[in-house]
Amino acid sequence: MSTDEHARLMRANQANWDARTPVHLASRFYGLDEDLDPERWFAAFEWDDLGDLTGRDVLHLQCHLGTETIAFARRGARAVGLDFSAASMAAAAGIAAKAGADVDYVRANVYDAVEALDGRRFDVVYTGKGALCYLPDLPRWAEVVAQLLRPGGLLYIVEFHPLLNSLGPKPAPGEGPELLLRHDYLGGDGPVHRDATHTYTDGPAVAHATDSYEWTHGIGEVVDALTTAGLTVRRLRESDELPWQRWPQMVRTPSGWWRLPAPRVPLLYGLLAAR
């Protein structure tokens, strides 16, 4: 698929995320009508891997409403959030202001991040939890990340495990409640076109621009893109917990997150890499 076609599909995704934003602002999913608790979206191992963020420059790519970006600011980082949705960036700025958080938000396609940030370098680049699937070209993305990091800087990806997306969200007619492998674990056959009239949150339907395109990226593809761009993988974790209850049979854990009772399978992974 050509670069021009990738750009066309990403423009469709951008329009979809602009249209999603008011739906997400009105939903209960992000807890915006409560005392904002952005750390609920983080596993404990993430803070262990990242270490002390005081005084560090942290960039959150594809940050949407910026709730997780606020958590970095509250831990003492100079936090920047970047997203291609103008509606999301406007909403994120309002959420941060209401929370009293000092965060800068920049609207840009992730592939244009170096130019949009005027060549600024960061100690940490963070991304994940539903971000990489909207990127058609991982090698190009990895090259951008390498340019955004200072020497010795860290990239931290905390992303939904490819197995999670391969498991069917609901049984087919006549089947039991078991989760079955219904979708490819590995990508390579181009984007999946989805109807995003209803998103992962509660709330009303998306009013317009409901076309969405996603790309499947296996962990091997992610690692290969990063190492080719000159980054060194330092740690790879797999976790069987999610921050929300994706399936009815999931049970709450002591951490407040959710896991399948059996069998235990990886649903999330954390990858730490260094420039």
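Brief remarks on what is shown
- The modelled label-to-label distance for the pair THR228/GLN245, using points 7 Å beyond Cα in the direction of Cβ, is 4.2 nm.
- Within region 235-275: backbone nitrogen closer than 19 Å to the GLU39 label point (7 Å, Cα to C-beta): 242-244, 253-258
- Pairs of alpha carbons in region 107-232 whose separation is greater than 17 Å (percent): 66 percent
- Rough spin-label spacing in nm, given labels placed 7 Å along Cα→Cβ, for ARG237 and THR3: 3.7 nm
- Local electrostatic count at TYR111 - Lys and Arg +1, Asp and Glu -1, tallied over other residues with Cβ under 10 Å: -3
- If you take all other residues with their beta carbon under 11 Å from the beta carbon of THR201, and give Lys and Arg +1 and Asp and Glu -1, the sum is +1.
- Cα gyration tensor, region 76-168 - rounded (a/c under 1.5), prolate or oblate: oblate
- Of the peptides 65-71, 124-130, the ranking by mean beta-carbon count within 10 Å, highest at the top, reads 65-71, 124-130.
- Highest average packing first - 77-83, 203-209, 148-154, Cβ atoms within 10 Å: 77-83, 148-154, 203-209
- Lys, Arg +1 and Asp, Glu -1 on Cβ, resulting dipole of region 43-147 about Cα centre, debye, nearest 20: 280 debye
- Sorting 138-146, 109-117, 247-255 by average packing, meaning the other beta carbons within 10 Å per residue, from highest down gives 138-146, 109-117, 247-255.
- Of the residues SER212, GLY51, LEU231, the one whose Cα sits farthest towards the positive end of the charge dipole of the chain is GLY51 (charges of +1 on Lys and Arg Cβ, -1 on Asp and Glu Cβ, taken about the Cα centre).
- Net charge of the neighbourhood of GLY128, taken over other residues with C-beta under 13 Å away and scored Lys/Arg +1, Asp/Glu -1, is -2.
- Computed from phi, the 3J(HN,Hα) profile of region 67-83 under the Karplus parametrisation 6.51, -1.76, 1.60 (θ = phi - 60°) reads 5, 5, 4, 4, 4, 5, 5, 5, 9, x, 7, 8, 9, 10, x, 10, 7 Hz, with x in place of Gly and Pro.
- Computed from point charges on the beta carbon alone (+1 for Lys and Arg, -1 for Asp and Glu), the dipole magnitude for the chain about its Cα centre is near 360 Debye.
- Additional length obtainable on full extension of the chain from ASP118 to ASP102, 0.36 nm per residue less Cα span: 3.8 nm
- Rounded to whole numbers, the Karplus 3J(HN,Hα) couplings from phi for region 49-66 are 6, 7, x, 5, 9, 4, x, 9, 8, 10, 10, 9, 7, 6, 8, 6, 7, x Hz, using 6.51 cos²θ - 1.76 cosθ + 1.60 with θ = phi - 60°, and x at Gly and Pro.
- Most positive-pole-ward Cα, THR199, GLN147, GLY100, against dipole of the chain from beta carbon charges: GLY100
- Mean separation of Cα contacts under 8 Å (6+ apart) over length of region 3-274, as relative contact order %: 19 percent
None of the figures in this text is laboratory data; all of them are computed from the coordinates on show. Owing to the predicted nature of the structure, the values given are computational and were not obtained by experimental measurement. All Cβ positions, glycine included, derive from the backbone under ideal geometry; neighbour counts span all protein chains shown.
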